[in-house]
1. So if I average 1/r over every pair of distinct C-alpha atoms in the stretch 332-417 and take the inverse, what Kirkwood radius in Å does that give?
2. If you wrap a convex hull around the alpha carbons of the stretch 143-259, what volume per residue comes out, as a whole number of Å³?
3. Quick one: ranking Tyr221, Tyr354 by accessible area, 1.4 Å probe, largest first, what do you get?
4. Roughly how many whole Å is it from the C-alpha centroid of the stretch 226-267 to that of the stretch 1-71?
5. Compute the FRET efficiency between His399 and Asn167 as 1/(1 + (r/R0)^6), taking r as their Cβ-Cβ distance and R0 = 30 Å, and round to the nearest 0.05.
6. Normalising by the residue count of the stretch 176-271, find the relative contact order in percent from Cα pairs under 8 Å and 6+ residues apart.
7. Any chance you could check the Cα centroid distance between the stretch 175-208 and the stretch 114-162 for me, in angstrom?
8. Accessible area per residue for the chain in Å², computed with a 1.4 Å probe and the full protein assembly in place, what is it?
Amino acid sequence: MNVLVIGSGAREHALCHSLSLDPEVTGLHCAPGNAGIAEVAELHQVDPLDGKAVAALATELGAELVVVGPEAPLVAGVADAVREAGIPAFGPSGEAAQLEGSKAFAKEVMAAAGVPTARSYVCTTPEEVDEALDAFGAPYVVKDDGLAAGKGVVVTGDLEEAKAHANACDRVVIEEFLDGPEVSLFAITDGETVVPLQPAQDFKRALDGDEGPNTGGMGAYSPLPWAKPDLVEEVMNTVLQPTVDELRRRGTPFSGLLYAGLAITSRGVRVIEFNARFGDPETQVVLARLKTPLAGVLLAAAQGTLADVPDLRWSDDAAVTVVIASHNYPATPRTGDPIEGLDEVAAQDAPSAYVLHAGTKRDGGAIVSAGGRVLSVTARGTDLAQARERAYAAVDRIHLDGSHHRTDIAAKAAAGS
Ligand code: AMP
Ligand code: GLY
């Protein structure tokens with residue numbers, strides 16, 4: 001199978017890494033990609049938001065499957081354009097991707113499907129904002145309605161900060177605060193059949209101890225030893241299948257990856273958000289544990305034949321990923337700094353630990369930072385403690401001037417608390 005992956009982050013590197021190990025995959029292409037992906041796939045230049053250009057590239061390459069990684073191209077209808085060119089695409093239509101593209105739409109779908117989520121108001125004026133903030137009280141949760149690369153949400157005890165964020169957005173969703181640990185559960189679906197993956201936990205805040213601003217995600221681990229054994233089954237029955245069924249009923253079937261961001265509250269599981277694509281950095285740890293070759297599963301989702309795919313097989317290993325972010329991420333990240341130590345990790349830590357690239361590019365002979373999240377250092381182990389140790393040993397070999405990373409990824413879970 002000849003596969004084209006669209007995107008340029010560590011999620012796409014993880015996808016390409018898995019696809020490169022799949023014996024069914026005979027050709028692997030990525031556009032635009034990054035310096036790490038270039039080691040496993042042939043890179044091509046394309047504007048990922050330009051559906052016609054992506055479809056033309058896929059046609060030219062003879063791609064038999066196109067996997068669209070990030071949300072912005074999906075919302076822009078890139079998967080539709082690829083399908084119109086007669087090529088199977090893994091990823092929802094632009095309309096169905098509104099599940100991520102509009103928080104208000106997601107709330108409406110959840111209400112119709114009876115999916116448990118935070119109570120919320122959609123506000124467009126300062127008066128509505130004041131009323132909603134007052135109704136829920138602190139801590140305040142204020143979400144930009146549109147796409148904001150994981151940075152549109154402010155959770156704060158400070159009323160003025162909540163108002164300021166709300167008034168800087170055109171349309172906001174203000175909702176009740178959900179207490180409890182977060183879980184990311186992904187499901188692959190063809191619009192009808194839903195196949196859950198293994199749950200993971202993401203670390204959204206920039207600093208240790210969940211301090212600092214929200215980011216795209218600073219690290220992740222899987223499995224979740226503290227989660228109840230029937231969590232996946234419960235979320236399948238109360239969240240994933242009803243949402244897929246509701247979207248199909250509305251005439252906007254969702255195929256691709258449905259990402260449920262969940263809070264495990266004292267009153268039960270609640271959806272914090274949906275995303276319409278693989279999560280980053282959770283994909284890095286989920287795919288590290290998936291034994292079933294990936295390409296056939298993604299193709300079956302794209303072609304509507306997921307019901308025929310045998311049960312997924314999972315490794316008993318645990319996986320941890322630690323994100324190395326550039327100086328000043330998430331505010332105004334500095335780019336262009338050389339990255340050292342990648343060869344040492346490859347020589348000393350592989351295959352149990354390996355570096356997935358996010359914002360990197362080649363500059364002459366050197367690999368330099370080219371974005372906010374730069375690397376996603378991933379490791380497997382027999383348990384979380386070992387995976388953590390291996391991931392941090394690899395992190396320690398890498399030097400990127402001014403960079404920062406969290407030191408507590410999976411720490412509590414590894415310690416059994
Ligand atoms: P989102 O972009 O919706 O995932 O929000 C980003 C992060 O903000 C989430 O991962 C949570 O940590 C936090 N968050 C969002 N909504 C809520 C909520 N209703 N209650 C508590 N925290 C929330
Ligand atoms: N890790 C959060 C996200 O992918 O949205």
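The values are calculated or read from the model by the stated rules, or taken from the named source; none is laboratory data. Bear in mind the structure is a predicted one, so any value in this text is a computation, not a measurement. Positions of Cβ are backbone-derived with ideal geometry, glycine not excepted, and every protein chain shown enters the neighbour counts. Only protein heavy atoms, including side chains, enter the accessible area calculation; ligands, DNA and RNA are left aside. Shrake-Rupley method; radii C 1.70, N 1.55, O 1.52, S 1.80 Å.
1. It is 13.6 Å.
2. About 134 Å³ per residue, rounded to a whole number.
3. Tyr354, Tyr221
4. Centre-to-centre distance over Cα atoms comes out at 28 Å.
5. Rounded to the nearest 0.05, the efficiency is 0.10.
6. Working: 162 pairs, mean separation 37.6, N = 96.
Relative contact order for the stretch 176-271 comes out at 39 percent.
7. If you average the Cα positions of each part, the centres end up 20 Å apart.
8. Accessible area per residue: 40 Å².
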